[in-house]
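The values are calculated or read from the model by the stated rules, or taken from the named source; none is laboratory data. These figures come from a predicted structure and were not determined experimentally. Methodologically, a virtual Cβ is constructed for each residue, glycine included, from the backbone with ideal geometry; neighbour enumeration extends over all protein chains shown.
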Amino acid sequence: MFAVDENGRVLKASKMQGVTILARFQNMDDYVGEDIHYFDKYNPLVRKENKLMQSAIEDARKVYLLHEAGIEKETSSSDSFLGFGFYANYLQLSIKQLLKKNKKRGSL
């Protein structure tokens, strides 16, 4: 779980792992101050987590990017979360983020 500011910088990060009632939240201090836009499978911080945590972090990033793009959609059991329009908007945003990232690195 990430608390982020308006620029996507992580203010607080915590995780809960375990399947019993004894599971508690644990702070993830390494992520504080980092930019959530770069939490993908190539990020060294994300790579050191287990596969389930990596997936959860990438999902949190996707949710943030969709929220940032103004794509907030109520879902129901009859309406697929990854409908075509939703997916198209997500892909468009992902491409924009990738181009922006590559431009900063001088790849283009």
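Looking at Glu49, Glu58, Glu72, just one residue is out of contact with any strand residue (DSSP E or B) (no Cβ under 8 Å at 6 or more places or on another chain) and modelled with pLDDT under 90, and that residue is Glu72. Going residue by residue through the stretch 4-17, is there one that turns out to be of a type in the set (Gly, Ala, Ser), in a loop (DSSP other than H, G, I, E, B) and modelled with pLDDT of 90 or more? Yes. Of all residues assigned to the stretch 24-44, none qualifies as being among the β-branched types (Val, Ile, Thr), exposed (fewer than 11 other Cβ atoms within 10 Å of the Cβ) and either on the phi > 0 side of the Ramachandran plot or not in a helix (DSSP H, G or I) (or both).
Residues in the stretch 75-93 that are at pLDDT 60 or above and surrounded by fewer than 15 Cβ atoms within 10 Å (Cβ to Cβ): how many? Selection size over the stretch 75-93: 5.
Pairs are defined by a Cβ separation below 6 Å, a sequence spacing of at least 6 or placement on different chains, a first member in the stretch 44-62 that is touching a residue at least 12 places away in the same chain (Cβ under 8 Å), and a second member that is surrounded by 13 or more Cβ atoms within 10 Å (Cβ to Cβ) and aromatic (Phe, Trp, Tyr); the pairs so defined are Val46/Phe39; Ile57/Phe39; Ala60/Phe2; Arg61/Phe39.
Residue-level check: of (1) among the aliphatic types (A, V, I, L, M); (2) free of Cβ contacts under 8 Å to residues at least 60 places away in the same chain; (3) under 18 Å from Leu65 (Cβ atoms), Val4 misses just (2).
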